[in-house]
1. How much length would be gained if the chain were fully extended between GLU150 and LEU118, taking 0.36 nm per residue of separation minus their Cα-Cα distance, in nm to one decimal?
2. At a Förster radius of 41 Å, what calculated FRET efficiency corresponds to the Cβ-Cβ distance of ARG143 and THR76, to the nearest 0.05?
3. What span do the alpha-carbon atoms of region 8-78 cover on each of the three principal axes, reported in whole Å from largest to smallest?
4. Please check the chain for the longest run free of trypsin sites (Lys or Arg not before Pro) that are loop-located per DSSP (anything but H, G, I, E, B) and have at most 14 other Cβ atoms within 10 Å.
5. To the nearest 20 Debye, how big is the dipole of the chain about its Cα centre, given +1 on the beta carbon of each Lys and Arg and -1 on that of each Asp and Glu?
6. Got the relative contact order for the chain handy, in percent, Cα pairs under 8 Å and 6 or more residues apart?
7. Could you give me D for region 66-151, from Stokes-Einstein at 10 °C and 1.306 mPa s, where the hydrodynamic radius is the Kirkwood radius over C-alpha pairs? Units µm² s⁻¹, please.
8. May I ask you to derive the FRET efficiency for TYR47 and GLU170 from their Cβ-Cβ distance with R0 = 22 Å, giving the value to the nearest 0.05?
Amino acid sequence: MTYLTLIILVISIFVLWLAGTYNSLIRLKIRTKEAWSDIDVQLKRRYDLIPNLVETVKGYAGHERELFEKVTEARTRAMGASNLKEKGEAENILAGTLKTLFAVAENYPDLKASVNFLELQRDLRDTEDKIQAARRFYNGNVRDLNIKIESFPANIVANLFNFQKMELFEIGLPEEREAPKVVF
């Protein structure tokens, strides 16, 4: 084997390793973006349910105006959040206002027996479960991407092509770690 053949072989192996590592980073990045899209779909579903829920409760508890305004404001803030940290904080506030809304609804027996309210309650519970599952999937993909970005020798390729670590989608305060209880 000549030196030229050996040099070509070493360069070929390096190029193949570089391409393989780059492609695996791209694959992880795309999976992470897809996972975020899943969360976004479920959050939109929840945002769409909230006005119907507020209107249903309003029919039975019309004098709770301040609470309805807080729920609407929290929904608007969550929908308008521009980055992951803001989105997490806004979702925490929205979950808190929904808990308050359901706590107030307990004071109205006719509301608790309403078919519309029960259906909305079931849909919201289902959506919360889907958000939780989507968040776990997203965070798993972020973890894998971040590990790859920081692990040697893949970190060389990540730095060379400017791959950035992504943030986990976390819930803030310990009391906010529970999904809103919507069981009556």
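1. So the chain would gain 6.8 nm between GLU150 and LEU118.
2. 0.85
3. Extents along the principal axes: 79, 16, 9 Å.
4. By the stated rule (loop sites, at most 14 other Cβ atoms within 10 Å), 1-164.
5. 600 debye
6. This gives 32 percent for the chain.
7. 105 µm²/s
8. According to the calculation, E is roughly 0.65.
A short reminder: the numbers here are calculations on the coordinates, not readings from a lab. Quick caveat: nothing in here was measured; it's all calculated off a predicted structure. Positions of Cβ are backbone-derived with ideal geometry, glycine not excepted, and every protein chain shown enters the neighbour counts.
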